[in-house]
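Undergrad: This structure is in structure tokens; I'll ask about it shortly.
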Amino acid sequence: MLSKPISAKNPERVDHPEKHSTAGDVEDWFSSTVLNQFDLTGVTVDFFVDWSNNTLSNELWVKRVVFEEILESTSNEVIQELIYSCDSEQFVKDLANLAKLTNSSLKYKLFRESTNWETLKENSEPILSVDINDVGKVVNVERVKLETLKEQIRMLSGGPAWVGKKGLTYSTTKLEYVLSMTDSAWPGDVDFILLNNEKKPIAILEFKKHTLSSKIEAHKFEKYYYEKFSDRKKYNRLAILRDYLKVPLLVLYYPTRKELDYIIIEEVIGRFNKLKAGKEVRLALPVNEVGKRNLIREITKMLK
């Protein structure tokens with residue numbers, strides 16, 4: 001059995017990120033139930049930027065957690081069934097189509113969250129690397145050493161990939177946290193790529209959580225883009241994906257504190273490394289199905 005990884009605070013990984021008491025998690029607002037009413041779907045995936053030339057690399061990764069201590073079979077058919085049970089066949093096909101559009105290969109990386117990454121034996125192969133073809137089928141499964149994975153990350157990143165000495169405060173897996181303290185940090189993700197009824201990308205959405213009691217307006221992307229290297233790099237890499245797909249990049253700011261009852265959607269415009277804020281819309285916090293539908297409706301208006 002596989003599961004989608006869940007964000008937790010490192011290193012203990014017991015505490016989880018805050019969420020709004022009435023509106024819940026932002027991902028809930030983009031459920032298939034809501035999106036289907038607008039003939040839309042969406043995907044999320046990890047992607048690489050080659051920082052030696054500021055271009056999109058040619059691999060997309062999806063990480064999933066394995067529950068079993070031992071997978072009795074690693075045949076293509078067995079692994080494909082596990083992936084489909086976790087993500088749905090249609091989701092994998094949508095990702096495969098995205099990989100095709102970006103001239104990339106799609107790979108699932110499967111591993112146990114319980115793995116002690118710091119004390120692995122040299123010959124240990126704790127990661128399953130799964131190749132998905134352009135119609136969403138598993139075509140190859142191989143066991144991979146941690147050092148091999150790190151070499152792949154550095155190659156696809158155009159060299160060493162650093163986060164910082166302290167590593168990630170939050171991550172969706174322990175492996176990401178461990179790698180964030182090395183020169184082989186796991187690639188960042190795109191929070192959501194919105195797809196139309198032809199499965200073509202129409203927008204990139206970045207979800208920006210606001211945990212303070214002050215107004216969201218005082219903490220939008222432009223403030224930190226020019227102040228913090230990590231934020232600048234994050235938005236630059238999204239801009240590279242934006243320019244490749246030729247779709248708008250929207251930032252959705254949402255609160256976790258109950259005294260704030262609104263969200264802001266803002267378009268990011270401008271060239272790579274010189275990004276700036278474009279048009280924006282302010283909406284009531286989507287606390288019910290009507291609010292969620294209104295959110296999707298307003299996003300589609302911004303794309304016209």
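Undergrad: Of the conditions (1) acidic (Asp, Glu); (2) outside any helix (DSSP H, G or I); (3) closer than 28 Å to residue 11 by Cβ; (4) open to solvent by less than 60 Å² (accessible area, probe 1.4 Å), residue 176 fails just one. Which one is it?
TA: (2)
Undergrad: Report yes if residue 159 is outside any strand (DSSP E or B) and either of a type in the set (A, V, I, L, M, F, W, C) or in contact with a helix residue (DSSP H, G or I) (Cβ under 9 Å, 6 or more places away or on another chain) (or both), otherwise no.
TA: no
Undergrad: Here's another thing I want to ask about it. Answer with yes or no whether residue 89 is more than 17 Å from the chain's Cα centre (by Cα), of a type in the set (Asp, Glu) and under 29 Å from residue 36 (Cβ atoms).
TA: Criteria met by residue 89.
Undergrad: Do you know which residues across region 133-151 are in contact (Cβ under 8 Å) with a residue 40 or more places away in the chain and not in a loop (DSSP other than H, G, I, E, B)?
TA: Residues satisfying the conditions are 138, 139, 140, 141, 143, 149.
Undergrad: Report, ordered by the first and then the second residue, all pairs with beta carbons closer than 9 Å, sequence separation of six or more or different chains, a first member in region 1-15 that is farther than 19 Å from residue 209 by Cβ, and a second member that is exposed (fewer than 11 other Cβ atoms within 10 Å of the Cβ) and of a type in the set (Asp, Glu).
TA: 1/68
Undergrad: Quick check: anything in region 193-210 surrounded by 17 or more Cβ atoms within 10 Å (Cβ to Cβ), over 25 Å from residue 30 (Cα atoms) and touching a helix residue (DSSP H, G or I) at 6+ places or on another chain (Cβ under 7 Å)?
TA: Checked region 193-210: no residue is surrounded by 17 or more Cβ atoms within 10 Å (Cβ to Cβ), over 25 Å from residue 30 (Cα atoms) and touching a helix residue (DSSP H, G or I) at 6+ places or on another chain (Cβ under 7 Å).
Undergrad: Which of (1) closer than 16 Å to residue 175 by Cα; (2) hydroxyl-bearing (Ser, Thr, Tyr); (3) crowded, with 18+ Cβ neighbours inside 10 Å is the odd one out, the single condition residue 114 does not satisfy?
TA: (3)
Undergrad: Now for a different question. For the condition among the aliphatic types (A, V, I, L, M), within 20 Å of residue 97 (Cα to Cα), at pLDDT 95 or above and open to solvent by 10 Å² or more (accessible area, probe 1.4 Å), what is the one hit in 56, 35?
TA: 56
Undergrad: Can you find even one residue in region 179-186 that is open to solvent by less than 50 Å² (accessible area, probe 1.4 Å), assigned to a helix (DSSP H, G or I) and modelled with pLDDT under 95?
TA: Checked region 179-186: no residue is open to solvent by less than 50 Å² (accessible area, probe 1.4 Å), assigned to a helix (DSSP H, G or I) and modelled with pLDDT under 95.
Undergrad: Please state which one of 268, 290, 251, 247 is hydrophobic (A, V, I, L, M, F, W, C) and free of Cβ contacts under 8 Å to residues at least 40 places away in the same chain.
TA: None of the other options fit; the residue is 290.
Table: residues versus (1) of a type in the set (A, V, I, L, M); (2) open to solvent by less than 70 Å² (accessible area, probe 1.4 Å); (3) within 30 Å of residue 263 (Cβ to Cβ).
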{"site": "13", "(1), (2), (3)": "no, yes, yes"}
{"site": "24", "(1), (2), (3)": "no, yes, yes"}
{"site": "41", "(1), (2), (3)": "no, yes, yes"}
{"site": "44", "(1), (2), (3)": "no, yes, yes"}
{"site": "70", "(1), (2), (3)": "yes, no, no"}
{"site": "84", "(1), (2), (3)": "no, yes, no"}
{"site": "89", "(1), (2), (3)": "no, no, no"}
{"site": "97", "(1), (2), (3)": "no, yes, yes"}
{"site": "105", "(1), (2), (3)": "no, yes, no"}
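Undergrad: Pull out all pairs, ordered by first then second residue, where Cβ-Cβ is under 6 Å, the residues are six or more apart or on different chains, the first lies in region 203-228 and is closer than 17 Å to residue 275 by Cβ, and the second is of a type in the set (D, E, K, R) and assigned to a helix (DSSP H, G or I).
TA: 204/242; 224/231; 225/231; 225/232
Undergrad: Every residue in region 117-145 that is under 13 Å from residue 92 (Cβ atoms) and either of a type in the set (A, V, I, L, M, F, W, C) or surrounded by fewer than 19 Cβ atoms within 10 Å (Cβ to Cβ) (or both), please.
TA: 130, 131, 132, 133, 134, 135, 137, 138, 139
Undergrad: Do we find that residue 49 is under 19 Å from residue 186 (Cβ atoms), in contact (Cβ under 8 Å) with a residue 60 or more places away in the chain and surrounded by 14 or more Cβ atoms within 10 Å (Cβ to Cβ) in this structure?
TA: The answer is yes for residue 49.
The values are calculated or read from the model by the stated rules, or taken from the named source; none is laboratory data. Only a predicted model underlies this, so the values are computations on that prediction, with no experimental measurement involved. Virtual Cβ from ideal backbone geometry, glycine too; neighbours counted across all protein chains shown. What goes into the accessible areas is simple: the full protein's heavy atoms, side chains included, and nothing from ligands, DNA or RNA. Shrake-Rupley method; radii C 1.70, N 1.55, O 1.52, S 1.80 Å.
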